[in-house]
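Please read the structure below before turning to the comments.
The values are calculated or read from the model by the stated rules, or taken from the named source; none is laboratory data. The shown structure was predicted, so the numbers you read here are calculated from the model rather than taken from an experiment. Note: ideal-geometry Cβ built from the backbone for every residue, glycine included; neighbour counts use all protein chains shown. Remember, those area values only see protein heavy atoms, side chains included, never the ligands or the DNA or RNA. Shrake-Rupley method; radii C 1.70, N 1.55, O 1.52, S 1.80 Å.
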Amino acid sequence: MKSIARHILALVAFLASLAVNAQADIYQFVDDSGVVHFTNVPGGRVKNTAKVHAEARGAMSSSAAARPAPTSTGSQRRSDIPVSYVSIINSASERYGVDPSLVHAIVKVESDFNPFAISRKGAMGLMQLMPETASTMNVRNTFSPHENIEGGVKYLRYLLDRYEGNLSLSLAAYNSGETSVKKWGTIPPYKETQDYVKKIMQIYNGTGKTFAPRYTIYVGTNADGTILLTDNPSNHPDKKLHHKMGQSL
């Protein structure tokens, strides 16, 4: 199985390089044995292919063609971001109430704006979503910039809410998982995670926007007639009694 996984990852990387150099589309299909394949040639004897990347025909923008190296000061200028991703990031950030400059910094550190990046642990795409996270965030095509960023920003919003606006803990959980942050109660003492948080905080030059958590409040009635207000309706014995009151930003 490990050998098959290595072959798949190698093929994805190869096809990704084709997409960058030759502006090719990439298709995915699963054979009769359940093996996932990626190809730049649809049709033929292959049936039920699903396009996982559509490359725009025509010249690439200069910012998208070159991947800038991080500056010595760690600052990230808006001009360093491929123009094709700016509107996607801004739209998702506005939808979930997250500073787009923070998302820019995360994407820079996670994948350096490579939509086909795959980590050794299996994280994929621009915001390096693990398969389980992608599934939870309803991301079907992890290599789609729109879906990947949408899912990544949605997950980031969830973490900011869970850690009550604590950006460092949210970033640590994004990198090492919520379980490790819960275990240590702070940024885990892993060099990778500590370097990760530090890199993003160095690059992030936001507007000073606070990361106050967003709460959804539910109201219900207990068996004795008393009114119950809660942000976690699953704790109430009769969920039918609950309805959403509103959300504070």
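A few comments on the model shown:
- For the stretch 143-176, filtering for residues that are free of Cβ contacts under 8 Å to residues at least 24 places away in the same chain and either open to solvent by less than 20 Å² (accessible area, probe 1.4 Å) or among the hydrophobic types (A, V, I, L, M, F, W, C) (or both) leaves 3.
- For the stretch 104-133, filtering for residues that are more than 14 Å from TYR155 (Cα to Cα), open to solvent by less than 10 Å² (accessible area, probe 1.4 Å) and assigned to a helix (DSSP H, G or I) leaves 2.
- Any hit, the stretch 135-150, residues being part of a loop (DSSP other than H, G, I, E, B) and under 14 Å from ILE200 (Cβ atoms): no
- Going through (1) over 13 Å from the mean Cα position of the chain (by Cα); (2) crowded, with 21+ Cβ neighbours inside 10 Å; (3) at pLDDT 95 or above one by one, GLN76 falls short only on (3).
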